[in-house]
Structure formats: C-alpha cells, structure tokens
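First the structure, in the form of structure tokens, and then the observations on it.
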Amino acid sequence: MIAYRLVLCALAAISAVPSVTGGVEAQAYPDRLKMVVPYPPGGPIDTTARLVVQRLGPILGQTVIIENRAGAGGALGTKAVAGAEPDGYTLLFGNASALVVGPAVYRFRDYDTVKHFTPIAKVTEGYEVLVVAPDFPAKNVQELVAYAKARPGKLNFGSMGYGNLTHLAAELFKLQTGTDFVHVPYKGSPEAVAGIVAGEVHILFGEVAGLLPLVRAGKIRALGVASAARNALAPDLPTMIEGGIPDFVALTFTGVVAPAGTPATIVAKLNAAINESLKSAEIVAALGKLGAEVRTGSAQEFAAFIARERAMWIDVVARADIKAQ
C-alpha cells in the first residue's frame, strides 16, 4: 500500500500535455470517453488507469472519465463493458485476473475475452514473487521443493482469492515441481499478507511492489520472482527459473480493451494515443514504483499476447483440476 500512496501523490505532479501531431483529434469522438476500471478506487489497477488517463485526455483532446465498477473479482465491470455498444465510447482498463485468469477458471460463463472484446493497447507488465515466513526452513526455491516433497499434503499456500492470479501461480508451481500444497484462499490482499506474516500459511505468491516493503522490513522472506529476467525493484532476488524451475513465469499485466466489433479506425487511434501517453518519464517512474514495466505495442500484438496467456492459464486450470465456484 505504501507504493500505491506514493504513486497517487505523483498523479498531481504529472502535467497536462497538448494533443500530439497526428494524434486523435477532439472531433473524432464526442466530448467524453468512459474508462471502466473493474476494481475499487485506490488499488494498483485503479492507480495505473488514472496515471494513463491523466495524460490520455489531453492527447485525445477530450475528457476521459474513470468509472469504478468493482465486484466479483473484476468480473462485474468487465462483463458490463463486454455488453456495451462497440462505438468507442466505453472502454475497459483490465488486468490479468479479469481478462485471462478469471475467465479460464470460471469457464467463460460471464464473458470470453477473445469473443467479447477487441484489444486496444497493452499498458504494463509486472510479476509475482514467491514469499515465505522469515522462520520458514527453506532458504531458496530448491530447498522449498525438497522440503515440500518430504511432506506431501502437509504444507499450505495462501492466495488473495479463489481463482485469481495468486491462486493459479501457486497451482502452476505445484504442477511444475510435483509438490502438494493445500490451498488457503483469503478474501483479499490484506488478509493474505497478514496470513503469511503471522505464519498461518507457508508460502504465498503476490505482486512484487506490494510485498517488497515487508521483505525489506524482515517480516517475510522472498525466494524468487516469477519473471524471465530479474526485476528492477529487487535486482538481487533470483528468478524462479534461476531457482531451478524451468520456464516459470507468472506475470500480471494491464491493458485497454473495447467491446468486440469496435471499428478498426477507432482501435488504431486509441492505440496510438495510449502509446503516446506512456512515453512520459514521470509515468514510467510512477508505474515502476508499483512494480510495473511499461509495455507498449500494436493492438494486434496485444491480441496475440492475450491469446497466449489465455491458453496458458486454461491449460493450468485443466491440469490442476480447478473447479469453478
């Protein structure tokens, strides 16, 4: 939460910018655009969206309104945008849980990202980090695997909610290491973090920026980050791959999508404007404090990325036999 407060303060310091040459002109849309964030105000996804929108509005030459529609782990707001008119008026600022993980777990009963959305632009990537209590016997990933294999079914892992990324990252760890942990789902991030600090659970996956302050304070211990390369916020922390788990990557991401059928001209204009908004050094620095790295690209590249992530988590859900609740 410390990182989120710092970034919220930074919002006020990011100045308005003029419309860019070749960018989206005001007359291309009406005088407002709605960006739905399917999570409560003040959290990391909302903060990221507000950072982007603060520069996106001036680039578009129009007002961009953020509407928080929280509920059902992000599914409520996401479903609402899936059913909106594909006219470019209503967009979704989504993340991994809302766009790929949740739909995979719940068998696309509310929406299917590929069928019901048109990807606009990827915004950021971040990664999960594996942590344990300070007095946990294992000092690295391989020691954890050996310790767990000697005690099948006797250890547990916490998550920040059933069916979200912190849950599936641990299931992926189990699959790739042949270990057996019991799942202890909490109601949210504060409860899960309190559980690992108190020793109620043995391991926990969570976002780097949210857990690093506790690691530095000595309240929990990090074993590895689930990224292909070391994280800039914790360059001394080895990756899970370095820890001996081949190809173990569990990433978070944020991005903007629109209802399926949104005209290609609108998609192209919005993609260009969002990419332009992310060139700001202030935004890059502010997002870095959230443990997120800016990742711009074309709408087609974002669509291909979503398809890959979707396939990966569908496979994990199937192999781990995760049931929809």
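Go through (1) under 28 Å from residue 216 (Cα atoms); (2) out of contact with any Gly (no Cβ under 9 Å at 6 or more places or on another chain) and name the single condition residue 97 misses.
The single condition residue 97 does not satisfy is (2).
Kindly indicate whether residue 61 is open to solvent by 20 Å² or more (accessible area, probe 1.4 Å), over 23 Å from residue 127 (Cα atoms) and either at pLDDT below 95 or out of contact with any Leu (no Cβ under 8 Å at 6 or more places or on another chain) (or both). Can you show your working first?
On the way: open to solvent by 20 Å² or more (accessible area, probe 1.4 Å): yes; over 23 Å from residue 127 (Cα atoms): yes; either at pLDDT below 95 or out of contact with any Leu (no Cβ under 8 Å at 6 or more places or on another chain) (or both): yes.
Against the criterion (open to solvent by 20 Å² or more (accessible area, probe 1.4 Å), over 23 Å from residue 127 (Cα atoms) and either at pLDDT below 95 or out of contact with any Leu (no Cβ under 8 Å at 6 or more places or on another chain) (or both)), residue 61 qualifies.
For segment 272-292, give me each residue that is surrounded by fewer than 19 Cβ atoms within 10 Å (Cβ to Cβ) and among the charged types (D, E, K, R).
Those that are surrounded by fewer than 19 Cβ atoms within 10 Å (Cβ to Cβ) and among the charged types (D, E, K, R): 279, 282, 289.
For residue 251, are the conditions met, namely being in contact with a strand residue (DSSP E or B) (Cβ under 6 Å, 6 or more places away or on another chain) and modelled with pLDDT under 95? Working first, answer last.
Working: in contact with a strand residue (DSSP E or B) (Cβ under 6 Å, 6 or more places away or on another chain): yes; modelled with pLDDT under 95: yes.
Criteria met by residue 251.
Is there any pair linking a residue in segment 102-115 that is more than 17 Å from residue 321 (Cα to Cα) to one that is open to solvent by less than 60 Å² (accessible area, probe 1.4 Å) and among the basic types (Lys, Arg), with Cβ under 8 Å and at least six apart or on different chains, and which?
Partner pairs satisfying both residue conditions: 113/310; 114/310.
When you check residue 228 against the structure, is it free of Cβ contacts under 8 Å to residues at least 40 places away in the same chain and under 30 Å from residue 115 (Cβ atoms), yes or no? Explain how you work it out, then say what you get.
On the way: free of Cβ contacts under 8 Å to residues at least 40 places away in the same chain: yes; under 30 Å from residue 115 (Cβ atoms): yes.
Criteria met by residue 228.
Condition first: farther than 22 Å from residue 163 by Cα, in contact (Cβ under 8 Å) with a residue 60 or more places away in the chain and assigned to a helix (DSSP H, G or I). Can you find one or more residues in segment 304-321 that meet it?
Pass one, segment 304-321, residues farther than 22 Å from residue 163 by Cα: 304.
After this cut, where a residue has to be in contact (Cβ under 8 Å) with a residue 60 or more places away in the chain as well, the list is none.
The answer is no; no qualifying residue exists.
Could you please find all residues in segment 148-170 being within 21 Å of residue 220 (Cα to Cα), surrounded by 18 or more Cβ atoms within 10 Å (Cβ to Cβ) and not aliphatic (A, V, I, L, M)?
Passing the criteria: 157, 158, 159, 161, 166, 167.
Could you grab me the full set of residues in segment 78-91 that are touching a residue at least 40 places away in the same chain (Cβ under 8 Å) and out of contact with any Gly (no Cβ under 7 Å at 6 or more places or on another chain)?
The initial filter retains those residues of segment 78-91 that are touching a residue at least 40 places away in the same chain (Cβ under 8 Å), namely 78, 80-91.
Correct list: 80, 81, 82, 83, 84, 85, 87, 88, 89, 90, 91.
Taking segment 216-225 as the region of interest, how many residues are farther than 11 Å from residue 197 by Cβ, open to solvent by less than 50 Å² (accessible area, probe 1.4 Å) and either of a type in the set (Gly, Ala, Ser) or part of a helix (DSSP H, G or I) (or both)?
Residues flagged as farther than 11 Å from residue 197 by Cβ, open to solvent by less than 50 Å² (accessible area, probe 1.4 Å) and either of a type in the set (Gly, Ala, Ser) or part of a helix (DSSP H, G or I) (or both) within segment 216-225 amount to 2.
Looking at this structure, is residue 174 of a type outside the set (Val, Ile, Thr), under 30 Å from residue 109 (Cβ atoms) and part of a helix (DSSP H, G or I)? Let's see the steps before the verdict.
Values: of a type outside the set (Val, Ile, Thr): yes; under 30 Å from residue 109 (Cβ atoms): yes; part of a helix (DSSP H, G or I): yes.
The answer is yes for residue 174.
Given the conditions (1) buried (at least 18 other Cβ atoms within 10 Å of the Cβ); (2) among the polar types (S, T, N, Q); (3) not in a helix (DSSP H, G or I), and given that residue 325 satisfies all but one, which numbered condition is not satisfied?
(1)
Which residue is most open to solvent (accessible area, probe 1.4 Å), if the candidates are limited to segment 198-211 and must be touching a Leu at 6+ places or on another chain (Cβ under 7 Å) and of a type outside the set (Gly, Ala, Ser)? Break it down stepwise before answering.
Initially, segment 198-211 is screened for residues touching a Leu at 6+ places or on another chain (Cβ under 7 Å), giving 202-203, 205, 208-209.
In the following step, the residues that additionally are of a type outside the set (Gly, Ala, Ser) were identified as 202-203, 205, 208.
Numbers: 202: 53, 203: 2, 205: 1, 208: 8 Å².
The residue in question is 202.
Considering only segment 63-77, how many residues are over 17 Å from residue 262 (Cβ atoms) and either touching a residue at least 40 places away in the same chain (Cβ under 8 Å) or not small (Gly, Ala, Ser) (or both)? Talk me through it step by step, then tell me what you get.
The first filter runs over segment 63-77 and keeps only residues over 17 Å from residue 262 (Cβ atoms), leaving 63, 65-77.
Then drop every residue that is not either touching a residue at least 40 places away in the same chain (Cβ under 8 Å) or not small (Gly, Ala, Ser) (or both), which leaves 63, 65-69, 73, 76-77.
Number satisfying all stated conditions: 9.
Could you grab me the full set of residues in segment 236-271 that are among the hydrophobic types (A, V, I, L, M, F, W, C), touching a residue at least 24 places away in the same chain (Cβ under 8 Å), open to solvent by 10 Å² or more (accessible area, probe 1.4 Å) and part of a loop (DSSP other than H, G, I, E, B)?
Of the residues in segment 236-271, the ones among the hydrophobic types (A, V, I, L, M, F, W, C) are 237, 240-241, 245, 248-251, 253, 256-258, 260, 264, 266-268, 270.
Add one more test, that the residue is touching a residue at least 24 places away in the same chain (Cβ under 8 Å), and what stays is 237, 240, 245, 248-251, 253, 256-258, 260, 266-268, 270.
Still in the list and also open to solvent by 10 Å² or more (accessible area, probe 1.4 Å): 237, 249, 251, 260, 266-268.
Within segment 236-271, 237, 249, 260 qualify.
Exactly one condition in (1) open to solvent by 10 Å² or more (accessible area, probe 1.4 Å); (2) closer than 16 Å to residue 267 by Cα; (3) modelled with pLDDT under 95 is false for residue 72; which is it?
(2)
The values are calculated or read from the model by the stated rules, or taken from the named source; none is laboratory data. On a predicted model such as this, the values are computed, not experimentally measured, just so you know. Methodologically, a virtual Cβ is constructed for each residue, glycine included, from the backbone with ideal geometry; neighbour enumeration extends over all protein chains shown. Surface areas here come from the heavy atoms of the whole protein model, side chains and all, with no ligands, DNA or RNA. Shrake-Rupley method; radii C 1.70, N 1.55, O 1.52, S 1.80 Å.
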